[in-house]
Amino acid sequence: GAGVSQSPSNKVTEKGKDVELRCDPISGHTALYWYRQRLGQGLEFLIYFQGNSAPDKSGLPSDRFSAERTGESVSTLTIQRTQQEDSAVYLCASSRGPGGRPTETQYFGPGTRLLVL
Amino acid sequence: AQTVTQSQPEMSVQEAETVTLSCTYDTSESDYYLFWYKQPPSRQMILVIRQEAYKQQNATENRFSVNFQKAAKSFSLKISDSQLGDAAMYFCAYRDIIQGAQKLVFGQGTRLTINP
């Protein structure tokens, strides 16, 4: 079936504006993750959703960042009052299985490249 | 907190030859998972190989194999018979086995160039 999809592919915004990034996980995947990748860097964990459990928000860098997920479907990552330091690629991943067993592979989307001017 | 270190920002290899990418990590846990991901210019992260820490046998996937040294906390990736399509960023990643600890911790990456 289809893989993880993300939109938009690229986003340019002005400092201070709000942005919304969307992730469509693989159908049937109960776990969903957001990561941030700054230029030339590895991925940094942001937030994790598992079914109807409370999300793990431990990686969110500030209260300007928030994310929502409706059931086991689409997730939206929102960045309020964007700053130039928020410029990065935002990657979403999903994995299947109740409880997100450690052996479950995380399948990644192509990411959204965000540029804050 | 767990950390992952990739000390080689860039590597290059001649097509058809073998190359080894290095990765070290730090953890106080005795059981965990280690991964190598490939990221081509399309940005999509692709799982290359996975190793479970409690397994002594090194994982292999076709031309890709790992050298897992648990005591040294080292997890290197060997690519045999390198192909032009192997050119990409390669990331080493760690994951706790603790239920609920779902995030991957990534290294900084190694950019691999394949010379024809």
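Odds and ends about this structure:
- Identification of strands (runs of 3 or more DSSP E) wholly contained in segment B:66-116 with 1 or more residues that are free of Cβ contacts under 8 Å to residues at least 60 places away in the same chain and not acidic (Asp, Glu) yields B:74-79, B:88-96.
- Residue tally, condition of a type outside the set (S, T, N, Q), more than 15 Å from B:PHE64 (Cβ to Cβ) and in contact with a Phe, Trp or Tyr (Cβ under 9 Å, 6 or more places away or on another chain), over segment B:1-25: 2
- In the condition set (1) within 15 Å of the chain's Cα centre (by Cα); (2) among the aliphatic types (A, V, I, L, M); (3) under 27 Å from A:GLY109 (Cα atoms), B:ILE97 is compliant with all but (1).
- Segment B:100-116, subset at the interface with chain A (Cβ under 9 Å from one of its Cβ atoms) and open to solvent by less than 50 Å² (accessible area, probe 1.4 Å), residue farthest from the chain's Cα centre (by Cα): B:GLY100
- Residue within segment A:88-103 that is without any contact (Cβ under 8 Å) to a residue 40 or more places away in the chain and more than 19 Å from B:LEU104 (Cα to Cα) present: no
- Test result for B:SER65, in contact with a Lys or Arg (Cβ under 6 Å, 6 or more places away or on another chain) and surrounded by 13 or more Cβ atoms within 10 Å (Cβ to Cβ): yes
- Among the conditions (1) open to solvent by 70 Å² or more (accessible area, probe 1.4 Å); (2) in contact (Cβ under 8 Å) with a residue 60 or more places away in the chain; (3) not small (Gly, Ala, Ser), B:ILE46 misses just one, which is (2).
- Looking across segment B:80-99 at every residue that is open to solvent by 20 Å² or more (accessible area, probe 1.4 Å) and aliphatic (A, V, I, L, M), the one that is farthest from the other protein chains (Cβ to nearest Cβ) is identified as B:LEU84.
- Test for A:LEU115: is it among the aliphatic types (A, V, I, L, M) and in contact with a Gly (Cβ under 9 Å, 6 or more places away or on another chain): no
- Among the candidates B:VAL19, B:VAL105, residue that is aliphatic (A, V, I, L, M) and modelled with pLDDT of 95 or more: B:VAL19
- Counted residues, segment A:70-117 - those being small (Gly, Ala, Ser), within 16 Å of A:PRO55 (Cα to Cα) and at pLDDT 90 or above: 3
- Taking the numbered list (1) closer than 28 Å to A:ASP56 by Cβ; (2) aromatic (Phe, Trp, Tyr); (3) open to solvent by less than 70 Å² (accessible area, probe 1.4 Å) in turn, B:TYR54 passes all entries but (3).
- Matching residues, segment B:32-43, being open to solvent by 40 Å² or more (accessible area, probe 1.4 Å) and more than 9 Å from every other protein chain (Cβ to nearest Cβ): B:PRO41
The values are calculated or read from the model by the stated rules, or taken from the named source; none is laboratory data. Bear in mind the structure is a predicted one, so any value in this text is a computation, not a measurement. Don't worry about glycine lacking a Cβ; one is built from the backbone with ideal geometry, like all the others, and counts go over all protein chains shown. Just the protein is used for accessible areas: all its heavy atoms, side chains included, with ligands, DNA and RNA removed. Shrake-Rupley method; radii C 1.70, N 1.55, O 1.52, S 1.80 Å.
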